[in-house]
Structure formats: C-alpha cells, structure tokens
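The values are calculated or read from the model by the stated rules, or taken from the named source; none is laboratory data. What you are looking at is a predicted structure, and each value in this text was computed from that prediction instead of being measured. Quick reminder, even Gly has a Cβ in these numbers, built from the backbone with ideal geometry, and neighbours come from all protein chains shown.
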Amino acid sequence: MKSSSRLLILWLLFNASPVSAQQAPPLTIPDERYKADILLVVAHPDDETAISSYLARAIFDQHKRVAVVYGTRGDGGGNSVGNEQASSLGAVREIEARRALASLGVMNVWFIGAPDTPGQDVLRSLETWHHGNALEQVVRLVRLTRPEVIITWLPCYVAGENHDDHQAAGVIATEAFGMSGDPTIFPSQVAAPRQRLRINNYGEGLQAWQAKKLYYFSDADHTDFLEGKGPQYKPSDVSTSRKVPYYRLSADEWSFHETQRGVGDVARSAIEKGEFKALNEPERFVMGKLLVGSTMTGDIFEAVTPGPIAYAFKRPYRPLQRDGISLQLGGPWAFYREFWRAQSIEHLAELVTPEVGVAGGQPLNVPVLIANDTDQAKVISLMTELPDGWTEQVRFAKFPVAAHETYPVQLVLTAPAGHANEWHKITWKIEADGRPVGSVELRVHLRSGGLPQ
C-alpha cells in the first residue's frame, strides 16, 4: 500500500513539472494595422475636406498614417443628386466619405452613429449625441489607433457656419485627448482579456494612450483671429511625389461628395475649368496642446518622435470665484468659459471676443446670466442697447435675484432684414440699487444663409 502511494506521488510530480517549467509566450502587441500618426475627429462626411490639402501632404509626402472618426453619417444634410434623405442619405454619405478618403489611401474610418443636428448651439449637439456615449467611443478609438497627433474642429463659438456638431466633435476630441491616457477612464477598455482566443470574453485589451499634440481648425467666416496661432499650409505647394499642387489632390478628394453641392460640385467645376481658387485658401490650424517640445507655428509633426509618452495629468476643475453682482453671456458661451479652463486650453478664450452669425430678418437667441454673489437679495434691472433696425421680444425688465444665486434669462432679438456682411454690436447692462453694476457685449455678423442660431 505504501509502495502504491509512493508511485502515485512520483507520477503526479513527474507530470506536473513540465507544466510549471514552461515559459509563457510574449505578450501580444497592439494591432499595427490600426496605428495612426494622425487621428482626425470630425462631425460629418465631407468635414475632412476642410483640411484635405494638408492630409494629402501628410499622406503622400510625409508618409503619415491617417485615421478618421466621424460623429455622424450626415443624415441631416441636403442631397443634390437624389431623393435619399434622413437615414438613407446617411448611408449614401458614409460611402461617399469612405470613397473620398480611399482616394488619399485612408482606409481606417469609423462612424460613431450620432444624429446630424443642424444648428449653432454646441450644448444641443452634446445632448443629441449622448455626450458620454460618444466620448466613450472616441476614447476607445484613440486607444485603438494610438495617434501621435489629434486634429479636430475648433471648440469655440464663432461667426460662420459654426455647426454645433462641428463644435461637439471638437469638445469630445479635446476631452478624449486628456482622458485616453488615464486607465481609470472607461477602465473596461484597458482591462486585459481573460482568454483572448475565446468568445464571450471580458476586457477589451486596449492600452491607455497619450497623444502628443492636439490641433484645431475652424469654419469661421473670418480668419484674422487664426493668424499666428498655429501652423499654416498652402494648397498651392506642389506635391513632391505626385508632381501636382495639393489643391489638385484635394479636388479629387472633394469630388466624391456628390450629394453635397458646395463640395462635390465645386470640385468638379474646378477640375473641368482648371480654376482652383475655391480650394486654394491656406489651411490654418490653431495649436491646442503641445506635450512635446515644439513651437506654436511649427510643423504639426515638429518634435514628434516614435513611441509612447507619459500621461499628462489633468488638473482638477475649480470654478472661478466671483464677487458682487455680474452679468455674463450664458448657454454655449458660459460652457466654453469653463470648458477651456477645465481642459487647460485657456488660450482659446483670447482668439475672439463673444460673437455670433445670423441672417438678416432671423431671430437671435441670447442667454444671459445675472449673478448675485453678495449676501443680500437684489432686484436687478436688465437693459438692452440695440443697433438701428434690431428689435427685441417683450420681456421682463427687473429680476429678483437671491443672495448667491444666478438668474438665467433667455433673450430673443430679431436681426434687421436687407443686411449682409455687416458687423453689429449689442450691449446689455444691469443696474442694482439705482447704479450700474455690470455689462456684456456681443458682436453679431449679419450674413446671408447659414444655420439657424
């Protein structure tokens, strides 16, 4: 009996020892098929055309890998070639975008499925996009593509097309830039899979990733405020590999967006006539964040070297301390004041004074905030100074504001008809106890067309 037990123990030891002595395989590296040098985060199919000359330069002559994330499929746009609308139009525009980018060699393209929300208020798009869900998807794609540089729309309220989806893309890309390197943000994305070769698995197996640079571009109808705020590139420069100006390569890319008359038709007309003025405007970028030693206006890849960098710790948000009684623009303007500080991009506040674009004869909605940061309740009078031709919807003139309370007021104005390409200034003032205590100004660009404000 003792002999049998001894033999059993020896058999178990003999058969167990090879397993314990085996060496584990090396870790699987991130999938190189999706590695990007540039991750472009935009809102709609055709948004990439705003910087397609630069993308052609980066891809063909600098040999950079580009991936693109679209927030929407463009289901709220027009269709100049067919009856397809809504979801059907989104399906068409997705294919147009994929074909357009394929002409530049870009194959890694994702759509996160948010609705196209035409307007100018970023808060509306963040609401319809389901902000947290959209952010989670973009963080995932940053970690998958591991970009050196992220490029996106300028998160700022400007006079121009000023599409709120453009702004939402910029907001979410900025947040993702700061979050993707933090493993406590959406932690299931960076959890190691339990058994990666099996179905019904747990953990996405990505790695936290800190991009090195963040740049913005804008759809404002004036460009003076962009000068000197980042690198610029001339579409008229000739590609060293393709032997044609970058605007010609850009025109080919634009031409795939056939449903969008202002893009596809412009490109085809330029190619047919050999006149590329509409595609020859310098492509201007605004520096967002630089985590490597480069200059504000230097090349987008200046000082960028291969390999990961340490996570850039983001300072915690702290609200500004106010005293007395004050008046400020609310809504998206108030959001951006706090957002820029929270994301450590306060320099964007210096780009433009508060502005908006609206067509003549159209309503202009302006939210304002009356803040009483005193220890006593106050009755505060609000007055509007309008340029000639403007009207204001009837409203209350006085507002009871409790101590340490902020009273939101929604103002509705109507722009004068028959005006185009003019700048007007509107001023609001408040009084308390019979004396002036605050004021705020808004520049308004009267222009034809454009999105509803």
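Here are some notes:
- Number of residues in region 312-339 that are under 20 Å from the mean Cα position of the chain (by Cα), in contact (Cβ under 8 Å) with a residue 60 or more places away in the chain and closer than 25 Å to residue 372 by Cα equals 6.
- Flag if residue 203 is outside any helix (DSSP H, G or I), small (Gly, Ala, Ser) and either under 11 Å from the mean Cα position of the chain (by Cα) or at pLDDT 95 or above (or both): no
- Residue 385 vs. criteria within 26 Å of the chain's Cα centre (by Cα) and among the acidic types (Asp, Glu): no
- Where a residue in region 354-365 is at pLDDT below 95 and its partner, wherever it lies, is of a type in the set (Lys, Arg) and in a loop (DSSP other than H, G, I, E, B), with Cβ under 8 Å and at least six apart: 357/447; 358/447; 359/447
- Residues that are crowded, with 22+ Cβ neighbours inside 10 Å and among the basic types (Lys, Arg) were ranked within region 71-101; the one that is nearest to residue 260 (Cα to Cα) is 93.
- Among the conditions (1) within 18 Å of residue 47 (Cβ to Cβ); (2) of a type in the set (Gly, Ala, Ser); (3) surrounded by fewer than 22 Cβ atoms within 10 Å (Cβ to Cβ), residue 114 misses just one, which is (3).
For every residue, the table says whether it meets (1) without any contact (Cβ under 8 Å) to a residue 24 or more places away in the chain; (2) under 13 Å from residue 73 (Cα atoms).
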| site | (1), (2) |
| --- | --- |
| 98 | yes, yes |
| 106 | no, no |
| 132 | yes, no |
| 135 | no, no |
| 138 | no, no |
| 144 | no, no |
| 150 | no, no |
| 159 | no, no |
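- Condition check for residue 305: exposed (fewer than 15 other Cβ atoms within 10 Å of the Cβ), under 26 Å from residue 426 (Cα atoms) and hydroxyl-bearing (Ser, Thr, Tyr): no
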